[in-house]
Ligand SMILES: Nc1ncnc2c1ncn2[C@@H]1O[C@H](COP(=O)(O)OP(=O)(O)O)[C@@H](O)[C@H]1O
Ligand SMILES: [Mg+2]
């Protein structure tokens, strides 16, 4: 393979053509998109008590890979299984807030105030969403100043962790929607998370940035947050009909093994439609395959995190 400046220390190699899963004549379990046997994830048992939250950063420095879509729909699905969920919009674009129907340009208080003003608490910024059990710390373009303002703060990488700490006991999951960069805001997310979920668009060029990302996760673990781990990689915009998608999936599984979630999210226009509707797909089109996929991902996440 050719040396790749984007990919220090991790050989993502060349794509080889993957064989489509062979039909199983022996009646054995069919194979899923990852090439592993399809598993059923049971409906999780209800929680009797809540908290302390598992904080998960939804992270990839590439834009348009499904971070925000995954944050909204995994969050809503976890909530539908009785988990208390807080979503944190850590992208100045505010797509997470907009995707949940929040008029984010008109907000008085956002994550920016929470990070920059010690008098502002998470409760001051917190919004309930239309989904039961799903709360939001919203953002808008104001947050774009934070990256520069934070540079001069003492303990700048731990600012978000300090701000979230008082409310972690109330939630089972906190999902942080990161911006498409590995700058100080994303480092803040990684510094307060216990794990990272990487959404990856099922496309060859998406493989290239993964090593830089896993390298950053390792650096943050070594220097700021020793308990940080990679929870998993969720392949998005998957199209099982194309050879290219199957090749990319096979390569990701070869490199990351069991870290790749069994659940892949297929490409469907229903997702762009829901962004316009300002609702999770799980409530806007609950019977759609996209909604079913994110509910399955939630069951898989619960099994891995709580099982
Ligand atoms: N599985 C999918 N199939 C088709 N379109 C998708 C899918 N997931 C996300 N999208 C769309 O792709 C665009 C980028 O997704 P988004 O979640 O905003 O990515 P990111 O937050 O990584 O920038 C959005 O328009 C979104 O609706
Ligand atoms: Mg986004």
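A short reminder: the numbers here are calculations on the coordinates, not readings from a lab. These numbers were taken from a predicted model, which means no experiment stands behind them. As a convention, Cβ positions derive from the backbone with ideal geometry for all residues, glycine included, and neighbour counts pool all protein chains shown.
Need one number: nm distance between label points at residue 306 and residue 148, each 7 Å from Cα along Cα→Cβ, rounded to one decimal.
Roughly 4.4 nm, to one decimal.
What is the order of 162, 16, 84, 295, fewest Cβ neighbours within 10 Å to most?
Lowest count first: 16, 162, 84, 295.
Could you check how many percent of all C-alpha pairs in segment 229-287 are farther apart than 18 Å?
The calculated P(r) of segment 229-287 puts 46 percent of pairs beyond 18 Å.
May I ask you to sort 112, 165 by Cβ crowding, counting other Cβ atoms within 10 Å and putting the fewest first?
Final ranking by Cβ density, sparse to dense: 165, 112.
How much length is gained on full extension from residue 31 to residue 194, taking 0.36 nm per residue of separation minus their Cα-Cα distance?
Full extension of this stretch gives 55.6 nm more.
Grab the beta carbon distance between residue 15 and residue 219, set R0 = 30 Å, and tell me the FRET efficiency rounded to 0.05.
Step by step, r from the Cβ atoms, then E = 0.60.
Given a cut-off of under 8 Å on Cα pairs at least six residues apart, what relative contact order in percent is computed for segment 147-240?
30 percent.
Mean separation of Cα pairs under 8 Å and 6+ residues apart, divided by the residue count of the chain: what relative contact order is that in percent?
This gives 26 percent for the chain.
Mean 1/r over all different Cα pairs, inverted: what Kirkwood radius does segment 85-241 give, in Å?
Averaging 1/r across every pair of different Cα atoms and inverting gives 16.4 Å.
In which sequence would 121, 283 go, from the one with the fewest C-beta neighbours within 10 Å to the one with the most?
With the fewest neighbours first, 121, 283 line up as 121, 283.
Let me check the size of the chain from its C-alpha atoms; what are the radius of gyration and Dmax in Å?
For the chain, the Cα radius of gyration and maximum Cα-Cα distance read 19.0, 66 Å.
Could I get the Rg over Rh figure for segment 52-167? Both from C-alpha atoms, Rh via Kirkwood, rounded to two places.
Result for segment 52-167 is an Rg/Rh of 0.94.
What nm value, rounded to one decimal, do you get for the distance between residue 269 and residue 287 when each label is placed 7 Å out toward the C-beta?
The modelled label-to-label distance comes out at 2.0 nm.
Please report the relative contact order for segment 216-307, taking Cα pairs under 8 Å with a sequence separation of at least 6, and give it as a percent rounded to a whole number.
With pairs under 8 Å counted, the relative contact order is 22 percent.
Roughly how compact is segment 156-208, stated as its Cα Rg over 2.2 N^0.38 Å to two decimals?
It is 1.34.
So how many Å³ per residue does the convex hull of the Cα atoms of segment 201-307 work out to?
So the per-residue hull volume is 130 Å³.
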